[in-house]
Amino acid sequence: MSHVKVEIASQPDCWRLAAEMAGAAGLPERGERVAVAGCGTSWFIAQAYANLRERDGHGETDAFQASEFPAGRGYDRVIAITRSGTTTEILDLLTALDGRVPTTVITADRDAPALPLAGESIVLDFAEELSVVQTRFATSTLALLRAHLGHDIEAVAEDGDAAVRLPLPVHPALAEQITFLGRGWTVGLAQEAALKCREAAGWWAEAYPAMEYRHGPIAIARARRVVWAFGEVPDGLSAEVEATGATFVHSQHNGGYWGAGKDFDPMADLVVAQRVAVLFATSQGLDPDHPRGVTRSVVLP
């Protein structure tokens, strides 16, 4: 069994451990103006958290790619998410912010070079991964941040327990392309699901805000293509997608792959999408632990 399969299956227990750390020093106080920075998967997790924190009334929160952080903009705290703690753009950002603003780094490595560059650090070493492809560190970070916002992570983890066992709603023999959609905080999850398909399997996958999908991207929908929505679905969208011949996937659509009558947390939906990405890889004889052209951390010369 690949490392990533084991890591995907371990996520619900990792979420429970992360939730126990919700009182850790370095997480934002209510009312603080906060920026969250990351690269790749970590950026998408930053997007999800930023939307949730504002939605829940905890304060203005922005998410940035570390390389595109706006120099000179004022924040009460900057959070940097980096599994390895070695990513060049994160180290450069923390160095540039030193002494200007309180910083917190969330990482999986207790010896990460990012730690001494930040004012505070939170280490999720139980979520460290052997696979190049990120799964449990990213979702455990989001579980930590959601728990700090007051979310019931045990309920989320119970949904995750089901997600690691469910039959998959998409099969590679029947899907040549997949588009993920989200609204609000699930836009970040949709972006992450698409990235998993691209990097693990080289699969053609895209992601959009659900309301934006009608404004052009729907043109690629057709038979043997899939549109997979996380969270809330705009009225009429499923019918518009199915009219193109594409398959519409949603946890509540036509009874859903979860079974009728239960609204599961979108983080559990992401677990199912991760499993689909691994299936896409193995169906082509690819190694999902070591994707072509992808490294564990981007360290620039």
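Quick notes on this one:
- The chain - Rg over Rh from alpha carbon coordinates, Kirkwood radius: 0.96
- Ranking of MET211, MET21, MET267 by neighbouring Cβ atoms within 10 Å, starting from the fewest: MET211, MET21, MET267.
- For the range 122-218, GluC sites (Glu not before Pro) meeting the loop criterion (DSSP other than H, G, I, E, B) and having at most 15 other Cβ atoms within 10 Å: GLU176.
- Prolate/oblate/rounded call for the range 166-283, Cα gyration tensor, a/c under 1.5 rounded: rounded
- Charge tally in the Cβ shell below 12 Å around GLU20, where Lys, Arg are +1 and Asp, Glu are -1, GLU20 excluded: -1
- Part-to-part distance (alpha-carbon centres) for the range 264-299 and the range 1-67, which is given in Å: 19 Å
- Whole-number percent relative contact order across the chain, with pairs defined as alpha carbons under 8 Å at least 6 apart: 21 percent
- Within the chain, the selection of entire DSSP H helices by a Cα span of 24 Å or greater along the long axis and an average Kyte-Doolittle value of at least 0.5 returns 266-283.
- Annotation note: trypsin sites (Lys or Arg not before Pro) in the range 67-115 located in DSSP loop regions with a Cβ neighbour count of at most 15 within 10 Å are ARG73, ARG100, ARG110.
Read-outs: derived from the displayed coordinates by stated rules, not from any lab. Note that the structure is predicted; figures quoted are calculated from it, not measured. All Cβ positions, even for glycine, are placed from backbone atoms using ideal geometry, and neighbour counts span all protein chains on display.
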